[in-house]
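The values are calculated or read from the model by the stated rules, or taken from the named source; none is laboratory data. All values derive from a computational prediction rather than experimental measurement. Glycine gets a Cβ as well: all are built from the backbone with ideal geometry, and neighbour counts include every protein chain shown. We work out accessible area using only protein heavy atoms, side chains counted, and drop any ligands, DNA or RNA first. Shrake-Rupley method; radii C 1.70, N 1.55, O 1.52, S 1.80 Å.
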Amino acid sequence: MVIRTVLALAATLAGLTAARAQDYPTKPVTVVVPFAAGGPTDVAARIYGEFFSRTLGQQFVIENAAGAGGTTGAQRAARAAPDGYTIFVHNVAPHVAGPALYPSAQYDPVKNFEPIGTLAFAAHYIVVRKDLPATNLKEFIEFAKANPGKLNYGSAGGGSATHLACVLFGQQAGVNIVHVPYRGTGPALNDLVAGTLDFMCDQGLNMMGQYQGGTVRALAVAQATRFPGLPNVPTSAEAGLPGFEVSAATAMYAVAGTPKPAVAKLVETMKAAYKDPALRKRIEDLASEVPGPGQDTPDALGAFTVKEAARWNDAIKKGNIKAQ
Ligand code: MLT
């Protein structure tokens, strides 16, 4: 009798938990962003967060947990309860590079996270302060060569995509440049506009507004084709630095172990977001792209995360890249 009652109770509880997971979300969801507000990861998270809030009827609240190139926030998310009420939006390169660059970072970028989907792909641009005496990339590289150790660039911290992109730029252009880390690309861009920084290897997602306002200049896009929304910005190859190609992917992950119905609901909402014309326009207006066919699934993000982890770990070892 007692055993039967206990079993019945257990079955009821299991049923309730399943029903609760099906009803997900029943309260606000925290979206951990590991960089400062106003930067590209934050902006993409807010654009999608609005769509998720509207579609799922609960607020998706952004929490900026910046520091240590994004590893502070990644650790915060990795340790959160796997109940679907903490999710994580990060830029894939710093996400996977973090543990290799910060020995104190206690998280596994693949094992501790469940891929939901990519929010945006954004090429990096060489963006300079508006009064820098160089009108194109060739002149800029000559200027940097004539001033070794003098030109400074801002990034979102050691190991962030804006740092890694500039490390590659420095290696490929053969220039000695100085890294100034910030807690996010948003605050770094403010200093580029103010003229205290010389340049950045920034994402379109961040610099588009300032570029359009004429407060910074873009000398090249680090990809093989020009971005349609920025037809006057040459590719790195056209501008004289072939092979300098870097693009950022901003992605959403749940905490590993999150109940399957919650993961399924997040994935379904992500797919609906990709089809929303207003959301697509907001992303495209920021010189970025919503994932296309073949890139628009959690499996594609999972495979990309694994591939990027191998690529950046290798680059960090070979290039002896340090967090600073
Ligand atoms: C980066 O890795 O540089 C980030 O995307 C920065 C940010 O979002 O602020």
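Look at the range 191-208 and say how many of its residues are free of Cβ contacts under 8 Å to residues at least 24 places away in the same chain and of a type outside the set (A, V, I, L, M).
Summing the residues that are free of Cβ contacts under 8 Å to residues at least 24 places away in the same chain and of a type outside the set (A, V, I, L, M) in the range 191-208 gives 1.
Tally time: how many residues in the range 76-121 are assigned to a loop (DSSP other than H, G, I, E, B) and open to solvent by 20 Å² or more (accessible area, probe 1.4 Å)? Quick ask: steps written out before the conclusion?
Initial filter on the range 76-121 (assigned to a loop (DSSP other than H, G, I, E, B)): 79-85, 102-112.
Subsequent filtering for residues that are open to solvent by 20 Å² or more (accessible area, probe 1.4 Å) retains 79, 81-83, 85, 102-104, 106, 108, 110-112.
Residues flagged as assigned to a loop (DSSP other than H, G, I, E, B) and open to solvent by 20 Å² or more (accessible area, probe 1.4 Å) within the range 76-121 amount to 13.
What are the residue pairs meeting all of these: first residue in the range 237-259, first residue at positive phi, second residue open to solvent by less than 10 Å² (accessible area, probe 1.4 Å), Cβ atoms under 6 Å, and 6 or more apart or on different chains?
Gly240/Leu137
Outside the structural domain of Gly98 (by TED's automatic domain parsing), surrounded by fewer than 20 Cβ atoms within 10 Å (Cβ to Cβ) and modelled with pLDDT of 95 or more, is that true of Pro228? Give the steps one after another, and end with the answer.
Values: outside the structural domain of Gly98 (by TED's automatic domain parsing): yes; surrounded by fewer than 20 Cβ atoms within 10 Å (Cβ to Cβ): yes; modelled with pLDDT of 95 or more: no.
Judged against the criteria, Pro228 is not a match.
To keep it simple, each residue is scored yes or no on (1) outside any helix (DSSP H, G or I); (2) open to solvent by 20 Å² or more (accessible area, probe 1.4 Å); (3) under 30 Å from Val127 (Cα atoms).
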| residue | (1), (2), (3) |
| --- | --- |
| Phe244 | yes, no, yes |
| Thr250 | yes, no, yes |
| Ala264 | no, yes, no |
| Glu268 | no, yes, no |
| Ala278 | no, yes, yes |
| Lys281 | no, yes, yes |
| Pro291 | yes, no, yes |
| Asp299 | no, yes, no |
| Ala303 | no, yes, no |
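Quick one: which strands (runs of 3 or more DSSP E) sit completely within the range 178-232 and have at least 3 residues that are over 19 Å from Gly159 (Cβ atoms)?
Values: elements: 178-181, 199-203, 216-221.
In the range 178-232, 216-221 are the strands (runs of 3 or more DSSP E) which contain 3 or more residues that are over 19 Å from Gly159 (Cβ atoms).
What tally of residues in the range 136-184 results from selecting those that are within 19 Å of the chain's Cα centre (by Cα) and either over 21 Å from Ala248 (Cα atoms) or assigned by TED's automatic domain parsing to the domain that holds Ala44 (or both)?
Adding up the residues that qualify gives 0.
Among the residues of the range 174-209, write down those that are within 14 Å of the ligand (Cβ to nearest atom), open to solvent by 50 Å² or more (accessible area, probe 1.4 Å) and of a type in the set (S, T, N, Q).
Asn190
Could you tell me whether any residue of the range 145-167 is open to solvent by less than 50 Å² (accessible area, probe 1.4 Å), within 16 Å of the ligand (Cβ to nearest atom), more than 21 Å from Leu241 (Cβ to Cβ) and of a type in the set (A, V, I, L, M)?
Looking for residues that are open to solvent by less than 50 Å² (accessible area, probe 1.4 Å), within 16 Å of the ligand (Cβ to nearest atom), more than 21 Å from Leu241 (Cβ to Cβ) and of a type in the set (A, V, I, L, M), one finds at least one in the range 145-167, hence yes.
How many residues does the range 33-48 hold that are more than 7 Å from the ligand (Cβ to nearest atom) and either among the aliphatic types (A, V, I, L, M) or assigned to a loop (DSSP other than H, G, I, E, B) (or both)?
Step one: of the range 33-48, the residues more than 7 Å from the ligand (Cβ to nearest atom) are 33-34, 37-38, 43-48.
Applying the additional criterion that residues be either among the aliphatic types (A, V, I, L, M) or assigned to a loop (DSSP other than H, G, I, E, B) (or both) yields 33-34, 37-38, 43-45, 47.
Residues meeting the conditions: 8.
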